[in-house]
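Please read the structure below before turning to the comments.
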Amino acid sequence: MHTGTTLTQFIIEDQRHIAGASGDFTALLNDIVTAIKTISNAVNKGALIGVMGALDTENIQGETQKKLDVITNEIMIQSNEWAGHLAGMASEEMDDVYSIPKQYPLGKYLLVFDPLDGSSNVDINISVGTIFSILRAPVSGQAASMEDFLQPGTKQICAGYALYGSSTMLVLTTGNGVNGFTLDRDIGEFVLTHPGMKIPADTREFAINSSNQRFWEAPVQRYVSECLAGSTGPRGRDFNMRWVASMVAEVHRILTRGGIFMYPRDTKDPAKPGRLRLMYEACPMSFIVEQAGGISSTGYERILEITPENLHQRVPVILGSKNEVEVVLSYHNT
Ligand code: AHG
Ligand code: MN
Ligand code: MN
């Protein structure tokens with residue numbers, strides 16, 4: 001029986017077209033995939049293996065850590081630290097750069113990740129995910145410093161997310177379109193099920209956390225109020241709204257059937273010009289969205305062109321269907 005194209009086969013064939021590819025990247029991706037399969041199991045088994053609930057620790061963002069935030073972070077580290085492909089790692093759940101332990105060789109890539117996105121949803125059995133971004137280390141084989149990580153999203157050589165939903169999926173770009181794979185648990189492999197994912201240019205579905213409305217800036221106020229006015233307003237048509245509170249799930253919905261997602265700049269806390277983190281949420285998702293034909297912006301600038309100032313920097317995010325994001329951007333420009 002033919003199982004279809006596995007992720008391993010897809011990546012090896014993809015890398016064959018790249019002059020000078022040594023197989024290092026393919027091997028790194030394999031280790032990331034092993035971590036994702038392990039996380040998928042832990043998330044899936046849930047209370048059966050005692051991984052639900054919160055710890056009494058906080059991460060650098062001041063958020064209470066869930067048990068699974070810490071467990072998934074550990075899984076990503078253990079899968080990726082030993083093989084000699086990385087010069088360092090950084091994660092939402094670690095204050096500083098993670099240095100590869102001395103007993104392991106150093107490699108030419110940097111790995112940045114959000115090990116469990118949407119973790120407020122984990123105890124209520126709603127979809128969560130893992131987001132990752134691969135950058136090239138400025139100096140191969142040398143331990144990476146924090147500054148080495150501060151590269152704009154345009155420098156990413158790969159970005160992906162795993163969605164632990166009703167099925168587990170991996171969605172990936174290496175800058176040559178976006179492909180989606182579904183985990184076949186019977187054979188333990190991700191199989192290509194969604195080749196060449198494209199975001200429809202038009203949509204009637206928006207996603208925003210409306211409880212922050214009083215803090216939004218005028219362009220977003222205008223856009224959302226026009227959506228809400230529906231067929232009786234200037235847009236002349238009704239809109240639907242969704243808010244999962246897992247960015248991975250929202251982006252996946254948008255890749256599948258279109259939509260616009262906003263966690264915009266707001267005035268709630270002047271120290272936080274947005275909710276989402278640039279390096280391990282906004283940049284990888286922006287790379288994927290652009291590769292699927294969508295747009296990703298802060299409202300004022302293309303997210304992929306922002307040079308990060310620190311690992312945990314936050315940014316406003318407005319992404320999704322091209323024509324709809326353009327409407328919001330035009331309101332920022334007036
Ligand atoms: P994380 O669980 O990694 O901290 O990320 C949660 C993020 C994102 O996935 C989601 O879109 C957003 O936070 C939800 O924020 P609200 O709780 O403000 O809706
Ligand atoms: Mn997150
Ligand atoms: Mn997280």
### Message
Quick check on my filter: what residues within the range 225-251 are among the aliphatic types (A, V, I, L, M) and either in contact with a strand residue (DSSP E or B) (Cβ under 6 Å, 6 or more places away or on another chain) or in contact (Cβ under 8 Å) with a residue 24 or more places away in the chain (or both)?
### Response
241, 244, 245, 247, 248, 249, 251
### Query
Which pairs have Cβ atoms under 8 Å, sit 6 or more apart or on different chains, and link a residue in the range 141-165 that is assigned by TED's automatic domain parsing to the domain that holds residue 284 to one that is open to solvent by 40 Å² or more (accessible area, probe 1.4 Å) and of a type in the set (S, T, N, Q)?
none
### Query
Given (1) within 16 Å of ligand 2 (Cβ to nearest atom); (2) in contact with a Cys (Cβ under 7 Å, 6 or more places away or on another chain); (3) of a type outside the set (A, V, I, L, M), where does residue 114 come up short, assuming only one miss?
(2)
### Message
Just to be sure before I move on: is residue 187 on the phi < 0 side of the Ramachandran plot, among the hydrophobic types (A, V, I, L, M, F, W, C), open to solvent by 20 Å² or more (accessible area, probe 1.4 Å) and within 16 Å of ligand 2 (Cβ to nearest atom) in the structure I sent?
### Response
no
### Query
Taking residue 260 and the conditions (1) among the aliphatic types (A, V, I, L, M); (2) more than 16 Å from ligand 3 (Cβ to nearest atom); (3) under 21 Å from residue 155 (Cα atoms), which numbered condition does it fall short on, given that it satisfies the others?
(3)
#### Entry: Test set (1) more than 16 Å from ligand 3 (Cβ to nearest atom); (2) surrounded by fewer than 21 Cβ atoms within 10 Å (Cβ to Cβ) - residue 134 fails condition number
(2)
### Query
Is one or more of the residues making up the range 78-90 within 14 Å of ligand 2 (Cβ to nearest atom) and within 20 Å of residue 42 (Cα to Cα)?
no
#### Entry: Matching residues, the range 256-291, being under 13 Å from residue 322 (Cα atoms) and buried (at least 24 other Cβ atoms within 10 Å of the Cβ)
259, 260, 261, 286, 289
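Condition check ((1) hydroxyl-bearing (Ser, Thr, Tyr); (2) modelled with pLDDT of 95 or more; (3) more than 14 Å from ligand 2 (Cβ to nearest atom)) across all residues:
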{"site": "271", "(1), (2), (3)": "no, no, yes"}
{"site": "291", "(1), (2), (3)": "no, yes, yes"}
{"site": "321", "(1), (2), (3)": "yes, yes, yes"}
{"site": "327", "(1), (2), (3)": "no, yes, yes"}
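May I ask you to say which residue of 165, 129 is of a type outside the set (Val, Ile, Thr), open to solvent by less than 10 Å² (accessible area, probe 1.4 Å) and within 16 Å of ligand 1 (Cβ to nearest atom)? Break it down stepwise before answering.
Working: 165 fails: open to solvent by less than 10 Å² (accessible area, probe 1.4 Å).
Answer to the check: 129.
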### Message
Just to be sure I understand, how many residues within the range 1-53 are outside any helix (DSSP H, G or I) and at pLDDT 95 or above?
### Response
2
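Does residue 209 satisfy being more than 16 Å from ligand 1 (Cβ to nearest atom), of a type in the set (S, T, N, Q) and touching a residue at least 12 places away in the same chain (Cβ under 8 Å)?
Details: more than 16 Å from ligand 1 (Cβ to nearest atom): no; of a type in the set (S, T, N, Q): yes; touching a residue at least 12 places away in the same chain (Cβ under 8 Å): yes.
It is false that residue 209 is more than 16 Å from ligand 1 (Cβ to nearest atom), of a type in the set (S, T, N, Q) and touching a residue at least 12 places away in the same chain (Cβ under 8 Å).
Can you go through 286, 296, 246 and tell me which one is near ligand 1 (Cβ under 10 Å from one of its atoms) and under 13 Å from the mean Cα position of the chain (by Cα)?
On the way: 286 fails: near ligand 1 (Cβ under 10 Å from one of its atoms); 296 fails: near ligand 1 (Cβ under 10 Å from one of its atoms).
Unique residue meeting the criteria: 246.
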### Query
Is it the case that the range 52-72 has a residue that's outside the structural domain of residue 253 (by TED's automatic domain parsing) and within 17 Å of the chain's Cα centre (by Cα)?
yes
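Does the range 94-109 hold any residues that are aliphatic (A, V, I, L, M) and without any contact (Cβ under 8 Å) to a residue 40 or more places away in the chain, and which are they?
So the first thing to find is which residues in the range 94-109 are aliphatic (A, V, I, L, M), and the list is 94, 97, 100, 106.
94, 106 - these are the residues of the range 94-109 that are aliphatic (A, V, I, L, M) and without any contact (Cβ under 8 Å) to a residue 40 or more places away in the chain.
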### Query
When the range 293-333 is examined, which residues are found to be over 24 Å from residue 268 (Cβ atoms), touching a residue at least 40 places away in the same chain (Cβ under 8 Å) and open to solvent by 70 Å² or more (accessible area, probe 1.4 Å)?
305, 307, 322
### Summary
Looking across the range 58-93 at residues that are without any contact (Cβ under 8 Å) to a residue 24 or more places away in the chain and either within 14 Å of ligand 3 (Cβ to nearest atom) or among the small types (Gly, Ala, Ser) (or both), the single one that is most open to solvent (accessible area, probe 1.4 Å) is 58
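What residue, of 185, 214, 222, is of a type in the set (Lys, Arg) and closer than 24 Å to residue 323 by Cα? I'd like the intermediate steps shown before the answer.
Values: 185 fails: closer than 24 Å to residue 323 by Cα; 214 fails: closer than 24 Å to residue 323 by Cα.
Criteria check complete, one pass: 222.
Take the conditions open to solvent by less than 50 Å² (accessible area, probe 1.4 Å) and among the aromatic types (Phe, Trp, Tyr) and apply them to residue 104. Does it pass? Lay out the reasoning, then the answer.
On the way: open to solvent by less than 50 Å² (accessible area, probe 1.4 Å): no; among the aromatic types (Phe, Trp, Tyr): yes.
No: the conditions fail for residue 104.
The values are calculated or read from the model by the stated rules, or taken from the named source; none is laboratory data. Here the structure is a predicted model, which is why all the values come from computation and not from measurement. Reconstructed Cβ throughout: ideal geometry from the backbone, glycine too, with neighbour counts over all protein chains shown. Side chains are part of the model used for accessible areas, which takes the heavy atoms of the whole protein and leaves out ligands, DNA and RNA. Shrake-Rupley method; radii C 1.70, N 1.55, O 1.52, S 1.80 Å.
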